[in-house]
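First up is the structure itself, then whatever we jot down about it.
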Amino acid sequence: MINYIRSEFYRILHTKEIYLFNLLLTAGVLALNGGIHAAAATLPNIRYANVKFVLSFLTGSMDFLFIAGAVLAVLLFSGDRKNGVMKNAVAYGMSRTSLFFGKCIVSFVMALASMVLLTAVYIVSAILLLEGPAQPYVELMLEGIAANLPFAAAALILAVAFIQFFEKELIVGLAWMAVIYLIPSICYSTGFQFKTMAEIAAWMPRNYLMTEVTAGMNGYACLWSEPEGAAKCVIAGVVGIVVFLSLGILINRRKEI
Amino acid sequence: MKEIIAEAGSLTKRYGRITALNNVNLRVRRGEILGLVGDNGSGKSTFLKLLAGQIFPTEGEVRLFGAGTERELVRQRRRVGTMIEAPGFYPQLTVERNLEYYRIQKGIPGKEQVRDILRQIGLYERRKTYGKQLSLGMKQRLGLGIALMGEPELLLLDEPINGLDPSGIIEMRETLHRLNLEKNITIILSSHILTELEQLADEYCFLDRGRLLKQISAGELAEECGSCIEICVSDPELFAVSLEKQFPGQKYQVLPGQRLRISGECAEPERYSSLASQSGITVSALSVKKRTLEEYYMELKKGGRES
C-alpha cells in the first residue's frame, strides 16, 4: 500500500487537477476579500468590510470542509475506472481494501494540504484587506476547523468509497449528498415526532451545524466554543470515520471492476 | 514436467441469467504461450479477468503459482502482468510518467527499467507524448509496457494486437516471442486474428459460448490439422463402409456435396481412388488439403454445438 500511495502522490503532483483546485479556491477567497475591500473603498459606510463578517462565511458553514474534501477526492480519483488504472492496480496484486485505504490516505493528505493553504490565504487576506479586530473570530474559525476536521475526513472517506463503487461521478455525488444531507434532514424532521430520533439526529453534523452554530454580523455562537460542543463534533467525526470506513470496505470488498 | 502456474478448476462465471464461462478446467504450464481462441462472447476476456482478479468466479476456483485462497491470490498477482480489454493508463500523464507511476507502484528500484521498457515497446522517442495523444497502436504498446513492468512471470494479454499496424503486429509478435524465449515468461493471450495466434502459441484453448471445447498443444493441433484428403464420390455412404473395412481406424467425416474428408494418418491418395473404383464408386474429385486454425475452430465449434 505504501508504494501505491507513493505512486499516487507522484501522479497527482504531475497532473494539473490539484493545482487547478487550489488555484480556483484561492482565487475565490481572494475575490471575496478583494471584492469586499473594493466595495468598502467605493461605499464608505458599508458595515460588512471587516474580518468578523468575512470569516463568518466559513465559521457559519463548516460543512464547506466536507464538500471541498469530497470534491477533491472526486477530482483525484473519479477517472480511475474509466482509464482502466483501477483494474490494473487489482490485477497487479493490490487488494480492493488496500486500494480503498490508499485512496483515503492520499485524498486526506492532499485535502489537508489544500485546507492549510486556503485557510492561510483566507485569514491573511482578510486581515490585510479588511478592517476590524481579527480575534476572537480567527480563533473561533480555527477551533471550528479543528473540531470538524474528523467529520470532514469521514465525508472524504465516504466520497472515496463511492468513487470506488460507482462508475459515474453523478451517482457518486447524489449518493454522497443523500448520506451527508438527505438522511440527516429526514432524521431531523422525523425527530419532531419521535424523541429518540431527535436525539440521534442531534448527533448528525448537518443538523448540529444548522441548529447550534450561527456566525455573522450579529455575533458568533459556535458549538465548539464549549468543551462539550467540541467533543460532540469530534465524537461525531470519529464515529463517521469508523462507519464510512466500514461501509467502504464492505461495498468494495468484492466489487467487480 | 513443467510447473503449472495458472489453473482453472470448474470455473464458472454468471452474470444474472447469462453464463459467460461454464465449468472450464484448464492448466497452463511455465514457459507456455497459450492462445485463447473464440468468438466475441465466447468467454476469453471473462477467463482472463478471472485470472487477473478483476471479477470473481460464481463457481469453481482459480489458482496462480499454486495459490488458491483470495489472500494468496492477491499476493501472487504481483508476479503477473496484464493488459485486458483497453490498456489502462492516465491520459493526462506522458508515456514516461505513466511507466514511472507503475514503477513506483510496483516498488521497482531505479529508473532504468522505465527506459528499458520504453525501448522494448518502441516508444522511447514518444516518451514525452501524453497518453491521450497516442494512436490506438501506441496505446496498445504502452499497455504492454505497463504489463511488462516488474518483469512478470505470467502475462495476460487480451487482444494485444488490436489496432496495431502490420509492422506493429510483427514487432509485438517478436517482442512476445523474445520474452517467452529469453525470460521464460508464460503468456496467455487471446486474439481474433487466428493466423497471428498460429505464429505465437504453443498451446490452444478453444472456447465457444463460455464452454471450453478443447485444450490442445500446437504439436497435436498440427497433427489434427495436418494433411487431409477430400474426396468427392458418387455414393459417400458406400465409400464410407468400404473405407472402414479397408482402413480400420481411419478418421473420416462426411461433408455436404457428396464429399468425404479423410484425416489423421492418410495413405497415398491413389489408394483411396482405387478403393472407390473397386467398390464401383465414381470419384469426381480428389484433393489433398491442410486445415487452417480457423477451419479447425469452426469445425470444433460446429461439433460442440451439435453435441
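Here, each number is a calculation from the coordinates, and none is a lab measurement. As the structure is a prediction and not an experimental result, all values here were calculated from the model. Backbone-built Cβ (ideal geometry, glycine too); neighbour counts: all protein chains shown.
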Share antiparallel - DSSP beta bridges, chain B, percent rounded to 5 | 70 percent
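Quick one: Cα convex hull volume of chain A, Å³ per residue? Mind showing how you got there, number by number?
Values: hull volume 35.7 nm³, N = 257.
With only Cα atoms used, chain A gives 139 Å³ per residue.
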Using modelled backbone amide H atoms (1.01 Å from N, in-plane), which distant-in-sequence or interchain residues come within less than 5 Å of B:Thr19's amide H?
-> none
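Considering only DSSP beta bridges with both partners in the protein assembly as shown, what is the antiparallel share in %, to the nearest 5?
Numbers: 39 of 57 bridges.
So the antiparallel bridges amount to about 70 percent of the total.
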Total charge of the residues flanking A:Asn83 in space, meaning their Cβ is under 15 Å from its Cβ, with Lys and Arg +1 and Asp and Glu -1, is +3
Report the residue, chosen from B:Ser45, B:Ser273, B:Ser217, that carries the largest GNM mean-square fluctuation when chain B is represented by alpha-carbon nodes joined by springs under 10 Å.
-> B:Ser273
Roughly speaking, what is the stretch gain from B:Ser279 to B:Gln258, that is 0.36 nm per residue apart minus the C-alpha to C-alpha distance, in nm to one decimal?
-> 6.0 nm
Residue with peak Gaussian network fluctuation, chain B [Cα springs, cutoff 10 Å], from B:Val283, B:Val28, B:Val37 | B:Val283
Relative contact order, percent, of the range B:227-289 when contacts are C-alpha pairs under 8 Å separated by at least 6 residues?
-> 52 percent
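Taking a 29 Å limit on the Cα-Cα distance, which of the listed pairs B:Lys2/B:Lys214; A:Lys82/B:Lys2; B:Lys111/B:Lys139 fall beyond it?
Working: B:Lys2/B:Lys214 20 Å; A:Lys82/B:Lys2 38 Å; B:Lys111/B:Lys139 21 Å.
Exceeds cut-off: A:Lys82/B:Lys2.
Let me confirm the definition first: pairs of Lys residues in the range A:99-257, 8 or more apart or on different chains, C-alpha distance under 25 Å. How many are there? Could you put the intermediate results ahead of the total?
Working: A:Lys103/A:Lys168; A:Lys103/A:Lys255; A:Lys168/A:Lys255; A:Lys195/A:Lys232.
Within the range A:99-257, the lysine pair count is 4.
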Computed label-point distance, nm, for sites B:Ile170 and B:Glu125 using a 7 Å Cα→Cβ extension = 1.6 nm
Do the sum for chain B: with -39,500 (n - 2.57) for every DSSP H run of n ≥ 4, divided by all residues, what is the mean residue ellipticity at 222 nm, to the nearest 500 deg cm²/dmol?
-> -11500 deg cm²/dmol
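For the range B:227-289, compute the orientation-averaged projected area of the C-alpha convex hull (one quarter of its surface), in nm².
On the way: hull surface 14.1 nm².
Taking the Cα atoms of the range B:227-289, their convex hull projects to 3.5 nm² on average.
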So what's the net charge close to B:Leu200: Lys and Arg +1, Asp and Glu -1, counting the other residues with Cβ under 12 Å from its Cβ?
-> -4
The long-range amide H neighbours of B:Ile33, using H built 1.01 Å from N in the peptide plane and a cut-off of under 5 Å, are B:Ile187, B:Asp202, B:Glu203
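So how much slack lies between A:Leu32 and A:Glu256, counting 0.36 nm per residue of separation and subtracting their Cα-Cα distance, in nm? Could you put the intermediate results ahead of the total?
Numbers: separation 224, 0.36 × 224 = 80.64 nm, distance 4.47 nm.
Using 0.36 nm per residue and subtracting the Cα-Cα distance, I get 76.2 nm.
How big, on average over all directions, is the shadow cast by the Cα convex hull of the range B:171-270, in nm²? Write out the running numbers ahead of the final one.
Working: hull surface 37.2 nm².
Averaged projected area of the range B:171-270's Cα convex hull equals 9.3 nm².
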Rounded to whole Hz, the Karplus (6.51, -1.76, 1.60) HN-Hα couplings of the range A:123-137, x for glycine and proline = 5, 5, 5, 5, 5, 6, 9, 10, 9, x, x, 7, 9, x, 5
Roughly how many debye, to the nearest 20, is the charge dipole of chain B about its Cα centre, given +1 on each Lys and Arg Cβ, -1 on each Asp and Glu Cβ, and no other charges?
-> 1360 debye
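Under the Kirkwood approximation for Rh and a Cα-based Rg, what ratio Rg/Rh is obtained for chain B?
Taking Rg over the Kirkwood Rh, I get 1.08.
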Can you give me the relative contact order of chain A as a percent, contacts being Cα pairs under 8 Å and 6 or more apart?
-> 28 percent
Taking the square root of 5λ for each eigenvalue of the C-alpha gyration tensor of the protein assembly as shown, the equivalent ellipsoid has semi-axes, largest first and in whole angstrom, of 67, 25, 19
Take the alpha carbon atoms of the range B:189-262, find their center, do the same for the range B:125-146, and report the distance between the two centers in whole angstrom.
-> 41 Å
Interchain or long-range residues, amide H under 5 Å from B:Tyr252's placed H = B:Ser263
Considering only the range B:115-243, percent of DSSP beta bridges that pair antiparallel, nearest 5 | 55 percent
Residues A:Val239, A:Val179, A:Val106 arranged by fewest to most Cβ contacts within 10 Å = A:Val239, A:Val179, A:Val106
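Going by C-beta contacts inside 10 Å, put A:Phe192, A:Phe151 in order with the fewest on the left. Display every interim value, and only then the final one.
Numbers: A:Phe192 10, A:Phe151 30.
Arranged by neighbour count, lowest to highest, A:Phe192, A:Phe151 become A:Phe192, A:Phe151.
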Hey, what did the range B:4-222 get for relative contact order, percent, Cα under 8 Å, at least 6 apart?
-> 30 percent
Name the GluC sites (Glu not before Pro) in the range A:182-257 that are in a loop by DSSP and that have at most 14 other C-beta atoms within 10 Å, would you?
-> A:Glu256
Expected max-MSF residue from B:Thr46, B:Thr175, B:Thr12 in the GNM of chain B (alpha carbon, under 10 Å) is B:Thr175
